[in-house]
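Participant: To start, I am sharing the structure in question, which I have written as structure tokens.
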Amino acid sequence: MKASAQQLEDLWQLQKLILDQRRLIAHAKQLSTGESLREQELRIVQLSELSRNQLMVVESVLAEKKRIESDLELVDKRIKTDQDRLNASSSTKDISGIQHEIDGLLQRKNMLEDTDLGILTDLDVQQQKLSALAKEKEAAEKELESSKSELRAQLESLKQENSNLNTEIEKLRSSFPPELLELFDKKLSKGTAVGRLVRSACNACNMNLNSTAIAEISNVPADQVALCPECAAIVIRQ
Ligand SMILES: [Zn+2]
């Protein structure tokens, strides 16, 4: 089959473009799985769970605070009632009994106030933890969004690159006689279609060709397609 030196160089270029396109498509496929976003997505799920748990902690501290405050209110009411009773009483025995009760209530009030203070401190700590988690989650979500748009831009650019490659490939393909193109396609479907003969090695199969094989190639007229005796690729002779 006839092929000029230029046609062989063009076949070499066509092969390069097709291999570039295969790599590009494989890369785009890998990117479009979204695999690179998994870790960020997982972190957001974890942060949501941590936030939910922390919210439950805050709610339980708030419930405890409410309980203590309602106890305090009750103690205050009883102190007030006792003091009214004390003011109204003239019996020494009653007065001493009521005073004793008031002392006990004041002690209880002190205790409740201490507990309330401790709860307030705890509430502050737990609320800060909750707000730190919310901030971290918000930042992670923003980061994910930006990774997603970066990925979309990358895929868009690969799509453009692929479309450019298609144009180049189609243009080049239309320049060959059909039978030469057919031979090239058949060989490319099985492996490397075109190899260069560098000294005595074929760079399609990376084999060093012996003198018999070299002679076999040399016997093919310069304007005819020569094949590598090892891998059957179309060879470009220097
Ligand atoms: Zn070869």
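The values are calculated or read from the model by the stated rules, or taken from the named source; none is laboratory data. Bear in mind the structure is a predicted one, so any value in this text is a computation, not a measurement. Every residue, glycine as well, gets a Cβ built from its backbone with ideal geometry; the counts of neighbours run over all protein chains shown.
Participant: Could you say which residue among Lys109, Lys129 is in a helix (DSSP H, G or I) and either farther than 23 Å from Glu73 by Cβ or touching an Asp or Glu at 6+ places or on another chain (Cβ under 6 Å) (or both)?
Facilitator: On the way: Lys109 fails: either farther than 23 Å from Glu73 by Cβ or touching an Asp or Glu at 6+ places or on another chain (Cβ under 6 Å) (or both).
After ruling out the rest, the residue left standing is Lys129.
Participant: Continuing with this model, one more query. When you scan the range 129-138, do you find a residue that is within 11 Å of the ligand (Cβ to nearest atom), among the aliphatic types (A, V, I, L, M) and farther than 22 Å from Leu19 by Cβ, even just one?
Facilitator: No: the range 129-138 contains no residue that is within 11 Å of the ligand (Cβ to nearest atom), among the aliphatic types (A, V, I, L, M) and farther than 22 Å from Leu19 by Cβ.
Participant: To continue, here is another question. Which residue pairs have Cβ atoms under 6 Å apart, sit 6 or more places apart or on different chains, and have a first residue in the range 226-238 that is farther than 15 Å from Met1 by Cβ and a second that is of a type in the set (D, E, K, R) and away from the ligand (no atom under 11 Å from the Cβ)?
Facilitator: That search, which allows pairs on different chains as well, returns Pro229/Glu216.
Participant: Identify, from the list Ala232, Ala204, the residue that is within 15 Å of the ligand (Cβ to nearest atom), modelled with pLDDT of 95 or more, on the phi > 0 side of the Ramachandran plot and not in a helix (DSSP H, G or I).
Facilitator: On the way: Ala204 fails: on the phi > 0 side of the Ramachandran plot.
Criteria check complete, one pass: Ala232.
Participant: Considering each residue of the range 181-221, count those that are small (Gly, Ala, Ser), within 24 Å of Ile169 (Cα to Cα) and surrounded by fewer than 17 Cβ atoms within 10 Å (Cβ to Cβ), and give that number.
Facilitator: Going residue by residue through the range 181-221, those that are small (Gly, Ala, Ser) are 189, 191, 193, 195, 200-201, 204, 211, 213, 215, 218.
Restricting the remaining residues to those that are within 24 Å of Ile169 (Cα to Cα) gives 189, 191, 193, 195, 204.
With surrounded by fewer than 17 Cβ atoms within 10 Å (Cβ to Cβ) added as a condition, the list becomes 189, 191.
Result for the range 181-221: 2.
Participant: Next question, about the same structure. Do we have any residue at all in the range 149-170 that's surrounded by 12 or more Cβ atoms within 10 Å (Cβ to Cβ) and not in a helix (DSSP H, G or I)?
Facilitator: no
Participant: Where residues in the range 207-225 are among the hydrophobic types (A, V, I, L, M, F, W, C) and not in a loop (DSSP other than H, G, I, E, B), which of them is nearest to Gln6 (Cα to Cα)?
Facilitator: In the first step, residues of the range 207-225 are kept if they are among the hydrophobic types (A, V, I, L, M, F, W, C); the result is 207, 209, 213-215, 217, 220, 222, 225.
Cutting the leftovers down to not in a loop (DSSP other than H, G, I, E, B) gives us 207, 213-215, 217.
Values: Met207: 25, Ala213: 24, Ile214: 22, Ala215: 23, Ile217: 18 Å.
Once the filter is applied, the top-ranked residue is Ile217.
Participant: Within the range 128-177, track down each residue that is over 25 Å from Met56 (Cβ atoms) and among the basic types (Lys, Arg).
Facilitator: Once the filter is applied, which keeps residues that are over 25 Å from Met56 (Cβ atoms) and among the basic types (Lys, Arg), the range 128-177 yields Lys142, Lys148, Arg152, Lys159, Lys171, Arg173.
Participant: Between a first residue in the range 1-29 that is free of Cβ contacts under 8 Å to residues at least 60 places away in the same chain and of a type in the set (Phe, Trp, Tyr) and a second residue that is assigned to a helix (DSSP H, G or I) and exposed (fewer than 12 other Cβ atoms within 10 Å of the Cβ), which pairs have beta carbons less than 7 Å apart while being 6 or more apart in sequence or on different chains?
Facilitator: none
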